[in-house]
Amino acid sequence: MNMPIVQLLVLAAIAIFLILRLRSVLGTRDGFEKPPVQASSRRDDSRRDFEVIEGGPDHDIIDHAPEGSPSAKALARMKAVEPSFNVGEFLGGARGAYEMILMGFERGEVEELKPFLAGDVYDSFAEVVESRRQQGLTIEAEFVGVREMSLVEATFDEVSKLAEITVRYTGELTSVVKDATGTVIEGSPTSVKRQKDVWTYARNMGSDDPNWQLVATDE
């Protein structure tokens with residue numbers, strides 16, 4: 001057998017050996033492949049973490065009322081009756097209601113506010129507006145914004161399902177009072193004044209009517 005044939009046979013044998021060796025290595029479960037038990041462990045850990053979060057305190061409540069306080073318990077009972085109720089959303093609506101009601105009162109437009117006011121609150125507002133009219137007074141007011149706002153108290157009657165939430169506001173506005181001749185007798189169009197109010201809203205939880213009514217005002 002001549003030398004070139006011998007060299008070809010040696011090279012072929014080496015090539016076959018390398019191919020078989022490579023297939024043997026690729027067919028194993030060694031290297032960087034992670035054991036299935038570790039993946040299962042991670043899934044179990046994630047499930048446990050989720051259960052802890054799911055069973056934790058309701059931050060929608062404790063962000064606005066101390067945990068375990070009568071107000072926090074009342075808010076939790078409101079949610080039990082009406083799961084869609086959200087404290088943060090309520091306070092967002094209460095912020096808008098403050099501007100709407102305050103400006104409507106300042107400008108004497110109380111008739112438009114009637115659906116949002118309890119009967120005695122409406123009567124009180126209407127009486128003040130009528131007194132101004134009889135004196136020939138007009139008020140020009142502009143709302144600047146709510147500087148501070150917080151939930152003061154929440155109560156819930158299990159029998160009637162009546163919920164009441166009291167909110168403290170510090171609002172900023174400009175206000176000018178003019179007499180019948182147009183003379184400014186109080187205030188300034190450029191001077192911003194702060195006004196503090198404590199308002200209580202009420203609603204029967206679980207009812208079809210989603211609107212809260214202003215049932216009491218204080219300073």
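Tally time: how many residues in segment 52-71 are assigned to a helix (DSSP H, G or I) and touching a strand residue (DSSP E or B) at 6+ places or on another chain (Cβ under 8 Å)?
Number of matching residues: 2.
Yes or no, residue by residue, for (1) more than 27 Å from the chain's Cα centre (by Cα); (2) of a type in the set (Lys, Arg):
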residue	(1), (2)
PHE116	no, no
VAL121	yes, no
ARG133	yes, yes
SER150	no, no
ASP157	no, no
THR166	no, no
SER175	yes, no
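Considered as a group, the residues in segment 63-95 that are open to solvent by 70 Å² or more (accessible area, probe 1.4 Å) and among the basic types (Lys, Arg) include one that is nearest to THR170 (Cα to Cα), and that residue is ARG95. Does ALA154 meet the test of being at pLDDT 95 or above and closer than 28 Å to HIS64 by Cβ? Spelling it out, ALA154 is indeed at pLDDT 95 or above and closer than 28 Å to HIS64 by Cβ. Taking the criterion of being over 22 Å from VAL146 (Cα atoms) and of a type outside the set (Ser, Thr, Tyr), the residues of segment 172-185 that qualify are LYS178, ASP179, ALA180, GLY182, VAL184, ILE185. Pairing residues of segment 111-128 that are over 13 Å from ALA97 (Cα atoms) with residues that are open to solvent by 60 Å² or more (accessible area, probe 1.4 Å), at Cβ distances under 7 Å and at least 6 apart in sequence or on separate chains, gives ALA118/GLN213; VAL121/THR217; TYR122/LYS114.
The values are calculated or read from the model by the stated rules, or taken from the named source; none is laboratory data. Since we're looking at a predicted model, the values are computed, not measured. With ideal geometry, Cβ positions are generated from the backbone for all residues, glycine too; neighbour counts draw on all protein chains shown. Calculation scope for accessible area: heavy atoms of the full protein, side chains included, ligands and nucleic acids excluded. Shrake-Rupley method; radii C 1.70, N 1.55, O 1.52, S 1.80 Å.
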